[in-house]
1. Any lysines with Cα under 24 Å of the LYS98 Cα? List them, leaving off those in the same chain fewer than 8 positions away.
2. Select from ASN105, ASN47, ASN78 the residue whose mean-square fluctuation is largest in a Gaussian network model of the chain (Cα-Cα springs shorter than 10 Å).
3. Per the helix-only calculation at 222 nm, which mean residue ellipticity applies to the chain, given -39500 (n - 2.57) for every DSSP H run of n ≥ 4 and division by its residues, nearest 500 deg cm²/dmol?
4. Using a 1.4 Å probe on the protein heavy atoms only, what accessible surface does ASP170 show? Give it in Å² to the nearest 10.
5. So I have [x] 12, 32, 30, 19, 6, 1; [y] 8, 30, 30, 21, 9, 2, 0; [z] 11, 42, 38, 8, 0, and one of them is P(r) over Cα pairs in 10 Å bins from 0, in percent calculated from this model. Which one is it?
6. Using Cα springs under 10 Å in a Gaussian network model of the chain, which residue among LYS152, LYS131, LYS50 shows the largest mean-square fluctuation?
7. Who wins for biggest fluctuation among LEU135, LEU74, LEU156 in a Gaussian network model of the chain, springs between alpha carbons below 10 Å?
8. Using a 1.4 Å probe on the protein heavy atoms, what percent of the accessible area of segment 59-166 belongs to carbon and sulfur?
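The values are calculated or read from the model by the stated rules, or taken from the named source; none is laboratory data. Only a predicted model underlies this, so the values are computations on that prediction, with no experimental measurement involved. So basically every Cβ, Gly included, is an ideal-geometry build from the backbone, and we count neighbours across all protein chains shown. Just the protein is used for accessible areas: all its heavy atoms, side chains included, with ligands, DNA and RNA removed. Shrake-Rupley method; radii C 1.70, N 1.55, O 1.52, S 1.80 Å.
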Amino acid sequence: DGALAAVYRNRGLVHLQLGELDAALADFSKAIELEPEEAEPYRNRGNVLKRRGDLAGAIVDYSAAIDIDPYLDLAYGNRAAARLEQGDVEGAIADYTKALELRENAEAYRGRAAAHERAGKPDDAMADYTKAVALAPEEFRAYLERGNLHMKQGSLDEALIDYAKALEVDS
């Protein structure tokens, strides 16, 4: 029943926000049992599994969500983050790229930038951090991360500019 599944989905989200991972996991699993053709409960259960450190299980659930709804950009972004944490840098880049094809957003650009850094592609990383800043100039994180990359590259003046901007928008 769809209404009952919605109750489990929504209660699972509340449990997740409260950090009650076991309860969230149970609710998302029940929602999946009631409506196995819905993508969001798989994605949300993947988020719980990722927070619990079960990256492989999270990737399975994110992949299930993508199989059901190949236009669910958040599932690609979530799977990318799990893949990056697992060390699958190229898989993460591919998933972030797909997420960005579906919907441009600063978080996916920041994630892909981090993956490019890990892949030894600092120019691609810098381009993505710059796109993240352009899309969300009010968020400090892209300035911070771009500043860190400038510092690693020895561009200290640029690093200081980004750090100053990060402090400005965070205050």
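1. Straight-distance partners of LYS98: LYS50, LYS121, LYS131.
2. Evaluated over the chain, the most mobile residue of the options is ASN105.
3. Working: 10 runs with 139 residues, N = 171.
-26000 deg cm²/dmol, from helical runs alone.
4. 100
5. Step by step, P(r) over Cα pairs in 10 Å bins from 0, in percent for this structure corresponds to label [x].
6. Its mean-square fluctuation being the largest, the pick is LYS152.
7. Judging by the Gaussian network model, the answer is LEU156.
8. On the way: 2770 of 5240 Å².
Here carbon and sulfur together make up 53 percent of the probe-accessible area.
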